[in-house]
Amino acid sequence: MIRVTTQSVSFGHRRLARHAEQIAEHAAQLIRTHFGALPDVQVLISSRSDVLADVVHESKLALLPGADPREAARQLRWGRRDLRGTYGVTELSASGIVLGINLGKARTITAVNETLTHELVHAHQLSGRSA
């Protein structure tokens, strides 16, 4: 199942966010057709990379109960820095996969299409037993 949410989408990126919401299920079906089943995927679309980093960080922490708070804070800082130049990110979460699209980088419909499909391939890869 694909769930698409938007958070902190700037006015100039709203058209791209709507487009990503519309094609998410079609992109997932394309991946299922070529590679096989997908786990539950939460797609987060945002214009701000720090919002994506926060969501990814929270999903990681949910998998690591009792993590050192100082190390967690350091990882969050690194995640925020690393996501500034990234189009998308895919991570494991307790409920499946969290996938983020950074509209600050993916500024065209083509870039959104390619990023969403690319990240869904990563979601499929992370869902395998060997991952």
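The values are calculated or read from the model by the stated rules, or taken from the named source; none is laboratory data. Given the structure is predicted, the values throughout are model-derived calculations rather than measurements. Please note that ligands, DNA and RNA were not included when accessible areas were found on the heavy atoms of the full protein model with its side chains. Shrake-Rupley method; radii C 1.70, N 1.55, O 1.52, S 1.80 Å.
On the full set of protein chains, 1.4 Å probe, figure out the accessible area of Asp50 and give it in Å² to the nearest 10.
Counting only protein heavy atoms, Asp50 exposes about 50 Å² to solvent.
Under 5 Å between amide hydrogens, which residues at least 5 positions from Val4 or on another chain qualify, with H placed 1.01 Å from N in the peptide plane?
Here Val43 satisfy the definition.
Could you pull the Cα extents of the chain along its three principal axes, largest to smallest, in whole Å?
40, 38, 20
Once the convex hull of the alpha carbons of the range 68-131 is built, what does its volume come to per residue, in cubic angstrom?
It is 99 Å³ per residue.
For every helix of n ≥ 4 consecutive DSSP H residues, a contribution of -39,500 (n - 2.57) applies; sum these over the chain, divide by its total residues, and give [θ] at 222 nm rounded to the nearest 500 deg cm²/dmol.
Calculated at 222 nm, the ellipticity per residue is -18500 deg cm²/dmol.
In terms of solvent-accessible area of protein heavy atoms at a 1.4 angstrom probe, what is the ranking of Leu30, Leu126, highest value first?
Leu30, Leu126
In the range 5-131, carbon and sulfur make up what percent of the accessible area (probe 1.4 Å)?
52
Please compute the per residue accessible area over the range 1-110 with all protein chains in place, 1.4 Å probe, rounded to a whole number of Å².
Here the per-residue accessible area is 57 Å².
Which whole-number percent gives the relative contact order of the chain, counting Cα pairs below 8 Å spaced six or more residues apart?
32
Where both residues lie in the range 36-131, what percent of DSSP beta bridges are antiparallel, nearest 5?
50
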